[in-house]
Amino acid sequence: MHSNIEHRTSQIIFGDVSKFYGEILGVNRVSLAIAPGITSLVGPNGSGKTTLMNLMTGLIQPTRGRISILGISPDNPQELFSKVGYCGQFDSFPKGMTGYEFVKSFLRVHGYSNKVADEKTWRAIERVDLIEAAHRKVAGYSKGMRQRIRLAQSIAHDPVVMILDEPLNGLDPMARAETIRLFRQLAKEGLHLIVSSHILHEVNVMSDRVVLINNGYILAEGGVTGVREEMEEHPMQIMIRCDLPQDLAARIFASDSVVEAQLHRDKQGLFIRTRNAEAFYLLLNRIVVESGMNIEAVAPVDDDLNAVYQYLIGSNGGGQA
Amino acid sequence: MSSMIEASTVKPAATQLDWSLWLRQIRAILRIEVKKNFWGKRALLLYLFAAIPVVLMFLLAIVDPNGSADIRNKWPNAQEAFGNIYEGLILRTMVFFGCAWIFMNLFRGEVVDKSLHYYFLCSLRREVLVAGKYFSGLLASVVLFTLTTAGSLFFLYYARGYPANVDYLFDGPGMGQVLTYLGITILACLGYGAVFLVIGLFFRNPIIPALLVYGWEWLNFLLPPVLKKISIIHYLHTLSPIPLNEGPLATVVEATSPWISVPSLIVFTALVLFLASIRIRGVSHPSNH
Ligand SMILES: Nc1ncnc2c1ncn2[C@@H]1O[C@H](COP(=O)(O)OP(=O)(O)OP(=O)(O)O)[C@@H](O)[C@H]1O
Ligand SMILES: [Mg+2]
């Protein structure tokens, strides 16, 4: 019993949570228990990532179910935000502030004295590497700088739970690497970090845990390797339209990246199932170059799963990166 | 890291009834809001608007010599005329619409800018947020409209001519009247401010409810006594230092004593703000869609 309670106060818990926006499904029947470390929330546009994060921070209320953040209910902002920092997705700011004023003003709203707020502001601004631009108006910042000053604002009060909605968006590779390093550092300090992204590839490297979400449902959850395995149990189906499908099938089977191939009824196409789409696409390229056969179209069939699968395999997903 | 642990020990405690924390937070909100809403160019229009009655009194007193002479010769009439200008123009128009603009925008402006959530993401009780926003509107409107009132009165007294004006002010009932006018202005900001803050929170398009309130307040003099008391202008009207005639159509109701009027307005304001802080729990994150 005692350890159970301890568990509750060190975890973020969703208990059968659903959120409907009127008729529209936001997320459905989500049950999760998130331990400290970096947890990535990965899914395509409209899958419900922001909805989950807004639920965690009490910005919206669940239609059904219960949420607890380290034992605190999201209805209690005063207690919740002494522990939680949320860097939202939207690139909006209060009018007319400099980066420094932006961070400091809200620290003072938290209740910190002028002196403490000033110290914390500089520490946060330093962490995101914006010292030079601190006294310039946010309106004049670049997109990446605005992203970083929002990050600074959300970590400035030293929360133990950081919720970050697409924090790597708009960052150049340097800033991205720096930011990931900062996240790792924060995780090492014992924080919870929940980071959302479109692209598993991007967060894969730093995550302790991945939650895959699509169309409002949690598809898979677990350690990064566990998720990969789970996805491999659901091979992706791809259809290839071409002039010599039988020939293609023979060549494909020479490799082990395909688990199943099936001729289309009109003999002008082939369905294949693969556990490793990346390897399969490479193979297909090679076959086309070697044999000179005419490929008309290549299209994933299994839509729901595929959308997520694309994230698993990274950049082949068609310019999401 | 050790700095994390140090940091959490200086963190303000979130105890149940921490007035000093709340006052600090209200001051922090005031600082943000006043700077954002009442310092910049956006506020210029508001200042020009609030200056209209002062300009009018200035024209009456200085530019139009007859006006000035009238004020000097028929002082009681001039005072009644001012009482009407004060109630009709300053209270019912300037303060009313000025407060509508100021207080309805406190939350709506940030919903439009999508920046309200920065407050929602602070360790801050929603009631304290409402109070902080309200006080920032109150500060701006009280400063602005007491200046309007004082400026208008200044030209009235200026036109009265020296030394009669100084005698009336310091040896007669003048000072009491001036302070009463200023007090009424402050009470008006208090009451209208609360009403418009709530209208701005409850209605997506607050123009129509604001106009309904305007109609209600103007037609107040026609209303039966019971309904009459459900308004702000009724209480302000009964506080007027110069007895004002509401016209032949007015329903007669025994004057409410200031000992009732003033506390009524304050209690009403508190109730409305309480309503607002309940409502604001339901205000969700400004959506991207
Ligand atoms: N305020 C709202 N009103 C109606 N529907 C909404 C609202 N907010 C989100 N939705 C719907 O809920 C679903 C999930 O949206 P959400 O914003 O959580 O997705 P997301 O994963 O964050 O997407 P993105 O990658 O584009 O940020 C979508 O179908 C979306 O249209
Ligand atoms: Mg989103």
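Return the total of residues in segment A:195-220 being crowded, with 22+ Cβ neighbours inside 10 Å and β-branched (V, I, T).
5
Please find, among A:T57, A:T39, the residue that is in contact with an Asp or Glu (Cβ under 8 Å, 6 or more places away or on another chain), at pLDDT 90 or above and more than 7 Å from ligand 1 (Cβ to nearest atom).
None of the other options fit; the residue is A:T39.
Can you give me the ranges of the helices (runs of 4 or more DSSP H) entirely in segment B:1-60 with at least 3 residues that are at pLDDT 90 or above and more than 8 Å from every other protein chain (Cβ to nearest Cβ)?
B:19-38, B:44-58
Among (1) under 23 Å from A:D158 (Cβ atoms); (2) surrounded by 18 or more Cβ atoms within 10 Å (Cβ to Cβ), which single condition is A:T9 missing?
(2)
When you check A:H264 against the structure, is it open to solvent by 10 Å² or more (accessible area, probe 1.4 Å), touching a Leu at 6+ places or on another chain (Cβ under 8 Å) and at pLDDT 80 or above, yes or no?
yes
Residues of segment A:112-129 being surrounded by fewer than 22 Cβ atoms within 10 Å (Cβ to Cβ) and touching a residue at least 40 places away in the same chain (Cβ under 8 Å), which ones?
Answer for segment A:112-129, where residues must be surrounded by fewer than 22 Cβ atoms within 10 Å (Cβ to Cβ) and touching a residue at least 40 places away in the same chain (Cβ under 8 Å): A:R127, A:D129.
Which of the residues belonging to segment B:218-235 are closer than 16 Å to B:L89 by Cα, surrounded by fewer than 19 Cβ atoms within 10 Å (Cβ to Cβ) and either among the basic types (K, R) or under 19 Å from the mean Cα position of the chain (by Cα) (or both)?
B:W218
Taking segment A:156-170, which residues are more than 13 Å from ligand 1 (Cβ to nearest atom) and open to solvent by 10 Å² or more (accessible area, probe 1.4 Å)?
Residues satisfying the conditions are A:D158, A:V160, A:G170.
Using the structure shown, decide if A:H192 is crowded, with 17+ Cβ neighbours inside 10 Å and not acidic (D, E).
Spelling it out, A:H192 is indeed crowded, with 17+ Cβ neighbours inside 10 Å and not acidic (D, E).
Please go through segment A:98-111 and give me each residue that is facing chain B (nearest Cβ under 8 Å) and open to solvent by 10 Å² or more (accessible area, probe 1.4 Å), ordered by number. Can you show your working first?
Applying the first criterion (facing chain B (nearest Cβ under 8 Å)) to segment A:98-111 yields A:105-106, A:108-111.
Selection gives A:S105, A:R108, A:H110.
Conditions tested, residue by residue: (1) within 14 Å of chain B (Cβ to nearest Cβ); (2) surrounded by fewer than 22 Cβ atoms within 10 Å (Cβ to Cβ); (3) in contact (Cβ under 8 Å) with a residue 24 or more places away in the chain.
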| site | (1), (2), (3) |
| --- | --- |
| A:G22 | yes, yes, no |
| A:A35 | no, yes, yes |
| A:S40 | no, no, yes |
| A:I72 | yes, yes, no |
| A:D75 | yes, yes, no |
| A:V84 | yes, no, yes |
| A:P94 | yes, no, no |
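Check A:G15, A:G48, A:G65, A:G58 and return the single one that is crowded, with 22+ Cβ neighbours inside 10 Å, within 18 Å of A:I218 (Cβ to Cβ) and of a type in the set (G, A, S).
On inspection, the qualifying residue turns out to be A:G48.
Has segment A:42-50 got at least one residue that is away from ligand 2 (no atom under 16 Å from the Cβ) and either more than 24 Å from the chain's Cα centre (by Cα) or within 8 Å of chain B (Cβ to nearest Cβ) (or both)?
No, there is no match, as no residue in segment A:42-50 is away from ligand 2 (no atom under 16 Å from the Cβ) and either more than 24 Å from the chain's Cα centre (by Cα) or within 8 Å of chain B (Cβ to nearest Cβ) (or both).
Would you mention how many residues in segment A:237-271 are more than 12 Å from A:I287 (Cβ to Cβ) and assigned to a strand (DSSP E or B)?
Number of matching residues: 11.
The values are calculated or read from the model by the stated rules, or taken from the named source; none is laboratory data. Because the structure is a prediction, the values reported are computed rather than measured. Cβ: placed from backbone, ideal geometry, glycine included. Neighbour counts: every protein chain shown. Accessible surface areas use protein heavy atoms only, side chains included; no ligands, DNA or RNA. Shrake-Rupley method; radii C 1.70, N 1.55, O 1.52, S 1.80 Å.
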